Amino acid sequence: MEKVKNTILVFVDDDKVQHMITRRLLEKLNLNLDVYFFQSPLEALKWLGDNPADVIMLDINMPEMDGWTFLDQMKSLGIKGDVKILTASLDPEDLNKSKNNNQVSGILIKPIKEEDYLKFLTD
C-alpha cells in the first residue's frame, strides 16, 4: 500500500462519531499522517493560524460556523491547505459550490469509505 509521507491532516467536523470512524479508518490504512481532529471550527481556525496543514477535511454543516464561512475565514487569515469538503448533503447547491470554489480540491460524501481516503491522500 502506498504511504503518504509526512502529511498533516486536519479534520473539522462537529460529529464525534465521525471523528471516531475516521480515526479507525486511518489507523487501518496505516498511512504516515499526523492527524488533528476539531469539533469546533473556531478552534480549528485558531490552530491553523499557528500551524501548517497539508490537507483539511471540512464538514459543510456545523453549528458554530458552516464550511463556507470557514473557507472565507481561512482565506481572510491567509491560511493555505488542500481542502476536501465533507458532507452528507446531496443538495446540488452544496455540490456546485464545492466544485466551483478554488479553495476546494474535492468532495467526500458521507459515509466516507476507506477507498475515498486512499484516493484523496495518496494521489
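What follows is calculated from the coordinates using simple rules that are stated; it is not laboratory data. These numbers come from a predicted model, not from an experiment. When we count neighbours, we look across all protein chains shown, and the Cβ atoms used for this are built from the backbone with ideal geometry, even at glycine.
Observations on the structure shown:
- Computed from label points 7 Å out along Cα-Cβ, the spacing between residue 105 and residue 64 is 2.5 nm.
- For residue 24 and residue 96, a Förster radius of 41 Å and the Cβ-Cβ distance give a FRET efficiency of 0.85, rounded to the nearest 0.05.
- Cα gyration tensor shape for the range 52-123, rounded if a/c is under 1.5, else prolate or oblate: oblate
- Using the Karplus relation 6.51 cos²θ - 1.76 cosθ + 1.60 with θ = phi - 60°, the per-residue 3J(HN,Hα) values for the range 89-95 come to 7, 10, 4, x, 5, 5, 5 Hz, with x marking Gly and Pro.
- Overall form of the chain per C-alpha gyration tensor (a/c, 1.5; a/b vs b/c): rounded
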